[in-house]
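**Student:** Following this message is one structure expressed as structure tokens.
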Amino acid sequence: MTLLRDRDLARAFDHASYTYDRLTALSPGYRTDLLRSARRLRLPRGGAGLHLLDLGCGTGASTRALLRAAPHARITAVDASSGMLRRARAKPWPAHVRFRHLTAEEVATAGKGPYDAVFAAYLLRNVTDPDGVLAAVRSLLRPGGRLAVHEYSLSGSAAHRALWTAVCRGVIVPAGTLGGNRALYHHLWRSVLDFDEAPDFADRLEDAGFTGVRAVPVAGWQTGIVHTFLARNGSATTAEGDR
């Protein structure tokens with residue numbers, strides 16, 4: 001089975017949106033890890049005066065994490081799946097959180113930046129051109145703006161690779177199959193195996209022009225499987241949030 005891309009992937013997420021929140025709720029640490037990654041942006045003053053982008057917001061779990069980390073920030077959340085976005089919009093949100101139906105590639109031309117920080121959770125391994133998306137993200141960020149990428153990116157250890165495959169075969173793909181979404185969760189399994197390992201993705205960020213790149217593993221069973229990648233668009237001293 002080949003990986004899903006572009007419209008096929010968006011349609012798969014549309015179909016899975018009805019059960020997505022229930023399935024992710026079964027994953028230990030899923031929401032806690034998103035919140036920890038959002039807080040690693042270290043946004044000052046609760047985000048007051050800042051405009052943040054949640055890129056690939058899904059049903060809003062990452063948006064909720066970003067809102068908790070920066071409750072006073074203005075947040076624009078975008079996703080390519082209309083079904084996932086519909087679920088996100090149906091939840092209660094303050095007026096300073098807005099949702100838009102856009103692909104990652106379309107955001108750069110949508111005219112809503114610049115942003116003080118970008119949060120991208122479980123997105124980059126799903127796009128056809130990750131380098132193009134990173135270039136778009138950098139063009140959207142203010143000088144010194146902050147980036148946090150929360151992503152499945154294996155450590156390079158054979159043990160972590162084997163653990164991921166065992167969890168997918170034993171839990172994730174069977175659970176997704178019960179919900180009628182086997183193709184999407186098979187894609188999840190294979191896309192992680194095919195994506196950059198953590199040191200390679202850190203190099204990709206540096207090659208895209210980001211500075212101060214760090215890869216921080218999450219806690220729990222996903223240590224070595226999920227990482228937070230932190231970076232800046234140029235010098236930290238010029239960030240809006242640091243003034």
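**Student:** Give the range 85-117 a look and list any residue that's of a type in the set (A, V, I, L, M, F, W, C), part of a strand (DSSP E or B) and farther than 19 Å from T59 by Cβ, or say none.
**Tutor:** Step one: of the range 85-117, the residues of a type in the set (A, V, I, L, M, F, W, C) are 85, 88, 90, 93, 95, 97, 99, 102, 104, 107-108, 110, 117.
Subset that is part of a strand (DSSP E or B): 97, 99, 117.
Within the range 85-117, just A117 meets the criteria.
**Student:** Answer yes if at least one residue in the range 24-40 is farther than 21 Å from G220 by Cβ and surrounded by fewer than 17 Cβ atoms within 10 Å (Cβ to Cβ), and no otherwise. Let's see the steps before the verdict.
**Tutor:** Start the filter on the range 24-40 by keeping residues that are farther than 21 Å from G220 by Cβ, which leaves none.
Looking through the range 24-40, none of the residues is farther than 21 Å from G220 by Cβ and surrounded by fewer than 17 Cβ atoms within 10 Å (Cβ to Cβ).
**Student:** Which residues, taken from the range 174-200, are within 17 Å of the chain's Cα centre (by Cα), farther than 22 Å from G58 by Cα and part of a helix (DSSP H, G or I)?
**Tutor:** A198
**Student:** Please verify whether the range 156-173 includes one or more residues that are at pLDDT 95 or above, under 18 Å from the mean Cα position of the chain (by Cα) and of a type outside the set (K, R).
**Tutor:** No, there is no match, as no residue in the range 156-173 is at pLDDT 95 or above, under 18 Å from the mean Cα position of the chain (by Cα) and of a type outside the set (K, R).
**Student:** Moving on. Among the numbered criteria (1) surrounded by fewer than 22 Cβ atoms within 10 Å (Cβ to Cβ); (2) under 25 Å from R232 (Cβ atoms), which single criterion is violated by P92?
**Tutor:** Checking P92 against (1) surrounded by fewer than 22 Cβ atoms within 10 Å (Cβ to Cβ); (2) under 25 Å from R232 (Cβ atoms), the one that fails is (2).
Residues checked against (1) at pLDDT below 95; (2) in a strand (DSSP E or B); (3) on the phi > 0 side of the Ramachandran plot:
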site	(1), (2), (3)
R204	no, no, no
G209	no, no, yes
V216	no, yes, no
H227	no, yes, no
T237	yes, no, no
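**Student:** If you don't mind, there's one more thing I want to ask. Is at least one residue of the range 147-165 among the small types (G, A, S), assigned to a helix (DSSP H, G or I) and either touching a strand residue (DSSP E or B) at 6+ places or on another chain (Cβ under 9 Å) or buried (at least 21 other Cβ atoms within 10 Å of the Cβ) (or both)? Walk me through it before giving the result.
**Tutor:** Start the filter on the range 147-165 by keeping residues that are among the small types (G, A, S), which leaves 148, 153, 155-159, 162.
Okay, now just the ones that are also assigned to a helix (DSSP H, G or I), so 158-159, 162.
Imposing the further condition that a residue be either touching a strand residue (DSSP E or B) at 6+ places or on another chain (Cβ under 9 Å) or buried (at least 21 other Cβ atoms within 10 Å of the Cβ) (or both) reduces the set to none.
Within the range 147-165 (the criterion being among the small types (G, A, S), assigned to a helix (DSSP H, G or I) and either touching a strand residue (DSSP E or B) at 6+ places or on another chain (Cβ under 9 Å) or buried (at least 21 other Cβ atoms within 10 Å of the Cβ) (or both)), the answer is no, since none of the residues qualifies.
The values are calculated or read from the model by the stated rules, or taken from the named source; none is laboratory data. Since the structure is predicted, the reported quantities are computational estimates derived from the model, not experimental observations. All Cβ positions, even for glycine, are placed from backbone atoms using ideal geometry, and neighbour counts span all protein chains on display.
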